[in-house]
Amino acid sequence: MLLHLALLFLLFISGATSLGINYGQIGNNLPPPDKVLDMLTALRITKVRIYDTNPQVLSAFANSKVDLIVTIENQMLAELTNPQQALQWVTARIKPYVPATRITEIAVGNEVFSENDMTLVETLVPAMLSIHAALTQLGLSFIKLSTPSSLAVLEESYPPSAGSFKPEITGIMTQFLEFLSRTKAPFWINAYPYFAYKDDPNGIPLEYVLFNPNPGMVDPFTRLHYDNMLYAQADAVYFAMAKMGFEGIEVRISETGWPSKGDPNENGATIQNAANYNRNLLRRQMANEGTPMRPNVRLEIYLFALFNENLKPGPTSERNYGLYQPDGTMAYNVGLSSFKGTSSISLTSSAPTKGGIMGYYQSLVYWMFVYLMTYQVFMRRRF
């Protein structure tokens, strides 16, 4: 217990910001929300995104320290373009839970621009305007609105300086970016280097997508160096927005992750790759890194996902993105074998740090997180 408390203290003084995580619920064997909150509390995860406004989750998370992003399902957007319907929705789904439950953002739909349904796309901004007006009327204007988009929203993404949005959505994208700029809300992107590697394993270096040491690439126009694909993808969005005249909107990663299992044709979906990706991502987050284009702005990231979800449709990989199995055991080891091993292991990230002392503490923070995950699993098994 003393070691546990000491690690928590070091985590506190390090100043590291919590990694966010996506809490999906497409499964019939997942623990109840109150048990999930216990797990998140033990792991000191204080940023969570859910894919609906499940009242059981909202109630269970009351009086906790978790900042919650809730989601409006795509099929609701058309209805919520009506200001009165939006007011009723906010009154019923959001207001009863605030401020006890710390709802900080609402994701208005998910990957709307990638649905190939222009009718749906055209409802996005009107729905956001109606919901924003309702939040303001009810004294909840501190809750930000945005929508997560997939990388398919980009016409070009490589090199990052070539980033541009698809021309067919330019008009609506302009309206959307104007809303984000006016309300000081972020641009959320679902970015998965795994998909790029899966589709072209011979052309894309595995080390580059896993954050492992590698030569990286240099953007020929900006001369910025990238040692991983995720940061390059985020900067491609920055460049796409800049080309439309919007340079003050922050890019955040609403989803990223790596599957620990896949079908035979899903290249790279292995436990080892998943562990490497998430371990290295965690190290970067604990170092409060920004992208090469925005080095002084920490790239906020929400990992996908907390649990393996056994009812998700699609290929095997879709059911195997979780850090945890539904029974609370770890789906794979994020570095525990090294933690138990020799003390000669180097714990510093391959990314540049702010100095030797800061790098030392950032390394401690990473292994503290590993310890807390292991401690939580041990206690669950014990009792």
Name the single residue, out of those in the range 177-202 being polar (S, T, N, Q) and touching a Phe, Trp or Tyr at 6+ places or on another chain (Cβ under 9 Å), that is most open to solvent (accessible area, probe 1.4 Å).
SER181
Take PRO259 and decide whether it is in contact with a Lys or Arg (Cβ under 9 Å, 6 or more places away or on another chain) and open to solvent by less than 50 Å² (accessible area, probe 1.4 Å).
yes
Pairs, please: C-beta under 9 Å, at least 6 apart or cross-chain, first residue touching a residue at least 60 places away in the same chain (Cβ under 8 Å) and in the range 163-185, second open to solvent by 30 Å² or more (accessible area, probe 1.4 Å) and hydroxyl-bearing (Ser, Thr, Tyr)?
GLY163/SER157; SER164/SER157
Within the range 229-242, does at least one residue satisfy the condition of being assigned to a loop (DSSP other than H, G, I, E, B) and either at pLDDT 95 or above or out of contact with any Lys or Arg (no Cβ under 8 Å at 6 or more places or on another chain) (or both)?
no
Those residues of the range 115-156 which are within 21 Å of the chain's Cα centre (by Cα), under 22 Å from SER181 (Cβ atoms) and of a type in the set (Gly, Ala, Ser), in sequence order:
SER146, SER149, SER150
Being under 21 Å from the mean Cα position of the chain (by Cα) and part of a helix (DSSP H, G or I), is that true of even one residue in the range 208-225?
yes
Hits in the range 87-117 (condition: touching a residue at least 12 places away in the same chain (Cβ under 8 Å) and farther than 25 Å from TYR302 by Cα):
LEU87, TRP89, THR91
Working carefully through the options GLY268, GLY245, find the one that is open to solvent by 10 Å² or more (accessible area, probe 1.4 Å), part of a loop (DSSP other than H, G, I, E, B), among the small types (Gly, Ala, Ser) and in contact with a Phe, Trp or Tyr (Cβ under 7 Å, 6 or more places away or on another chain).
GLY268
For ALA274, state whether it is more than 20 Å from the chain's Cα centre (by Cα) and not in a loop (DSSP other than H, G, I, E, B).
no
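Yes/no per residue for (1) among the hydrophobic types (A, V, I, L, M, F, W, C); (2) over 21 Å from GLU105 (Cβ atoms); (3) modelled with pLDDT of 95 or more:
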position	(1), (2), (3)
GLU155	no, yes, yes
PRO159	no, yes, yes
ALA162	yes, yes, yes
PRO167	no, yes, yes
MET173	yes, no, yes
PHE176	yes, no, yes
SER181	no, no, yes
PRO186	no, no, yes
ALA191	yes, no, yes
Selection count where residues are among the small types (Gly, Ala, Ser) and either farther than 17 Å from LEU151 by Cβ or open to solvent by 40 Å² or more (accessible area, probe 1.4 Å) (or both), scope the range 203-241
2
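The values are calculated or read from the model by the stated rules, or taken from the named source; none is laboratory data. Everything numeric in this text was worked out from a predicted model, so none of it was measured. Glycine also receives a Cβ, built like all others from the backbone with ideal geometry; neighbour counts cover every protein chain displayed. To get the accessible areas, we keep the full protein, side chains included, count just its heavy atoms, and leave off ligands, DNA and RNA. Shrake-Rupley method; radii C 1.70, N 1.55, O 1.52, S 1.80 Å.
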